[in-house]
Amino acid sequence: MQDKLNQIKSDYLNQINKANSLSQLDQVFLRLFGKNGEITILPKDFPSLAKNELKVIGPLFNFVKQELEKAIDEKRHQVKEAGYKTLATEEWNPDQLIEIKKRQGQLHPISEFEKKIADLFIKLGFQQFDGPQVDTDLNNFELLNIPPQHPARDMWDTFYINSGGNQNKLLLRTHTSNTQIHVMKELKPPFRMMTIGRCFRYENLDARHEHTFDQFEIIYVDRKLSMANLQYLSEYLLKGMFVDDISVRLSPGYYPFTEPSAHIFGTCVFCKSKGCKICGNTGELELAGAGMIHPNVLKNCGIDPEEFSGIAWGVGPGRMAMLKYDVSDLRSFNSADLNFLKGLSSESK
Ligand code: FA5
């Protein structure tokens, strides 16, 4: 038995040495360790061995088995490494290299548009602030003079994150007006602030309504401000972003957090005021909501309404970009259609 084991060892080490492919090594492995492999069947003869002989054969068997397994493993590794080297040297053909062309990135047209709006107001001394997209019911509604059960909540229905006790209820903000509250609580008037950010609404979607869209909002708090300042800033925005002859119209509106309130309209560029399906046959598009900050809101933020007044308005840059770029469906901006978006870059306009 001892001779047989030594014979198997030397024969198979020889075969393993000569093998130069993984499939040859698999064959050798099967001949040794397969169902009827030479190493597999050997222990069947152990019961017929004398005890003394078994004491020698047992450890020798284990040693030979481990040596052969180790030799196969090492040879497999060598064969694989040699294969990689061949691939890297002989099969590598530099002619197959494909040139990866550099692609020039650009800002999304809405971001580009928002940057231009912000630049306009930086010139007038407005500071930019960022407000939370997830906020409390208190900041999004109550401190803006919209108590629970107020019918105006229907217009700004949103997505709720938890139903925790009323004021602490978390929601996705419906407008950037929550930022008014954060800023007015922190700053002492007079101040001019602006904010741009994402808003969310539980909306019926159409060419002018998205469930997720951006708003740009300004607040100006000082002594002796009036609707005349509001009219001026609205025209400043629209003329700055469009052309000097765009007509701006303020019509009376209602917002619980402003008094008086107004809707700001710009001429519909699609039909040139004739009336079309984009503007709902009105000849103009509503771009912003605005007004003088309600005394209750000023008080809620610790500002004395007897001494200070404030102007606020919030516009949808997406709606304005529709006009600027002649896009008939707001949803195209989020379509991820690169050809469409590239066509709207500042260079092409
Ligand atoms: C507001 O959200 C007020 N917070 C604006 C405001 C601020 C009024 C400060 C007074 C003082 P409104 O819901 O009308 O108002 O929205 C303002 C603008 O956001 C709209 O004129 C429109 O341009 C844009 N907008 C509103 N809803 C959507 C929507 N679903 N998809 C795209 N744009 C929208």
Out of the residues in the stretch 81-97 meeting the condition of being among the polar types (S, T, N, Q) and in a helix (DSSP H, G or I), tell me which one is surrounded by the fewest Cβ atoms within 10 Å (Cβ to Cβ).
Gln96
With criteria (1) in a helix (DSSP H, G or I); (2) farther than 20 Å from Phe216 by Cα, Pro148 comes up short on (1)
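Residue-by-condition table, conditions (1) surrounded by 14 or more Cβ atoms within 10 Å (Cβ to Cβ); (2) part of a loop (DSSP other than H, G, I, E, B):
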site: Tyr12; (1), (2): yes, no
site: Asn62; (1), (2): no, no
site: Ile72; (1), (2): yes, no
site: Lys75; (1), (2): yes, no
site: Val79; (1), (2): yes, no
site: Glu99; (1), (2): no, yes
Please go through the stretch 168-187 and give me each residue that is among the aliphatic types (A, V, I, L, M), within 16 Å of the ligand (Cβ to nearest atom), surrounded by fewer than 22 Cβ atoms within 10 Å (Cβ to Cβ) and more than 21 Å from the chain's Cα centre (by Cα), ordered by number.
Val183
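I'd like to know if the stretch 106-127 contains one or more residues that are polar (S, T, N, Q), surrounded by 11 or more Cβ atoms within 10 Å (Cβ to Cβ), part of a helix (DSSP H, G or I) and in contact with a helix residue (DSSP H, G or I) (Cβ under 6 Å, 6 or more places away or on another chain).
No, that holds for no residue.
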Of Asp119, Asp95, Asp157, Asp73, the only residue that is touching a residue at least 12 places away in the same chain (Cβ under 8 Å) and acidic (Asp, Glu) is Asp157
Can you tell me which of (1) of a type in the set (S, T, N, Q); (2) farther than 30 Å from Thr212 by Cβ; (3) in contact with a helix residue (DSSP H, G or I) (Cβ under 9 Å, 6 or more places away or on another chain) is the one Asn139 doesn't meet?
(2)
Across the stretch 192-211, which residue is modelled with the lowest pLDDT among those that are part of a strand (DSSP E or B) and near the ligand (Cβ under 8 Å from one of its atoms)?
His209
Conditions first: (1) of a type in the set (S, T, N, Q); (2) surrounded by fewer than 11 Cβ atoms within 10 Å (Cβ to Cβ); (3) over 17 Å from Asn6 (Cβ atoms). Thr40 passes all but one, so which condition is the exception?
(2)
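Output the residue which, of all residues in the stretch 221-250 that are small (Gly, Ala, Ser) and either modelled with pLDDT of 90 or more or surrounded by 14 or more Cβ atoms within 10 Å (Cβ to Cβ) (or both), is nearest to Thr179 (Cα to Cα).
Top of the filtered list is Ser234.
The values are calculated or read from the model by the stated rules, or taken from the named source; none is laboratory data. These figures come from a predicted structure and were not determined experimentally. Ideal geometry is used to build each Cβ from the backbone, glycine not excepted, and the neighbour counts take in all protein chains shown.
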